[in-house]
1. How big is the chain by Rg and Dmax over its Cα atoms, in Å?
2. May I ask you to list the GluC sites (Glu not before Pro) in the range 39-141 that are in a DSSP loop and have at most 14 other Cβ atoms within 10 Å of their Cβ?
3. Please sort 47-54, 130-137, 25-32 by packing, taking for each peptide the average over its residues of neighbouring beta carbons within 10 angstrom, highest first.
4. With only Lys, Arg, Asp and Glu charged, each at its Cβ (+1 for the first two, -1 for the last two), find how big the charge dipole of the chain is about the Cα centre; round to the nearest 20 debye.
5. Along Cα→Cβ, 7 Å out, is where each label goes; now give me the distance between the ones at residue 124 and residue 40 in nm to one decimal.
6. Under a plain spin-label model, where a point goes 7 Å from the Cα along Cα-to-Cβ, how far apart in nm are residue 55 and residue 113?
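A short reminder: the numbers here are calculations on the coordinates, not readings from a lab. As the structure is a prediction and not an experimental result, all values here were calculated from the model. FYI the Cβ positions are ideal-geometry reconstructions off the backbone, even for glycines, and counts take in every protein chain you see.
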Amino acid sequence: SERARVFGGPFPREAAFDQLAELIGHWALRGFGRWMVADRTTDAPLGVVGLYHPEGWPEPEVAWSVFETAEGRGIAHEAALAARAHAYGTLGWTTAVSLIKPGNTRSAALAERLGARIEGRHAHPAHGLMDVWRHPSPEAP
């Protein structure tokens, strides 16, 4: 959809397939990845949330993308908290970031609600400048 414009979309079917393959392959290559978030009642897809660390990323990330039908329902917040808890509690991470394009006010507001703070910027060769939001450590209250 047009919401994918921030990352180069909307995508034709072949490019969307490549992204789906990347989601699955990340698990095999890194041992962690992102999950499809689905509606509890209808099983309709609502977004993709989880842990992400592709080549070229500065460090492991708590990442979220919700579909338009899921926005404003607290789904990304709940799923991102669960993903971060998994990173810290199960995988033993001691820190995590979220990379957010400047101007993506909804994602920045979510990062802030999660307790993350802007730490700097990362210049990615394909995605351009992204704000680096540092999440609170596992020990933080």
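1. Cα-based Rg and Dmax for the chain come out at 14.6, 44 Å.
2. Passing both the DSSP loop test and the Cβ count: 55, 71, 139.
3. 47-54, 130-137, 25-32
4. Approximately 220 debye in magnitude.
5. Placing both labels 7 Å beyond Cα along the Cβ direction yields 3.2 nm.
6. 3.6 nm
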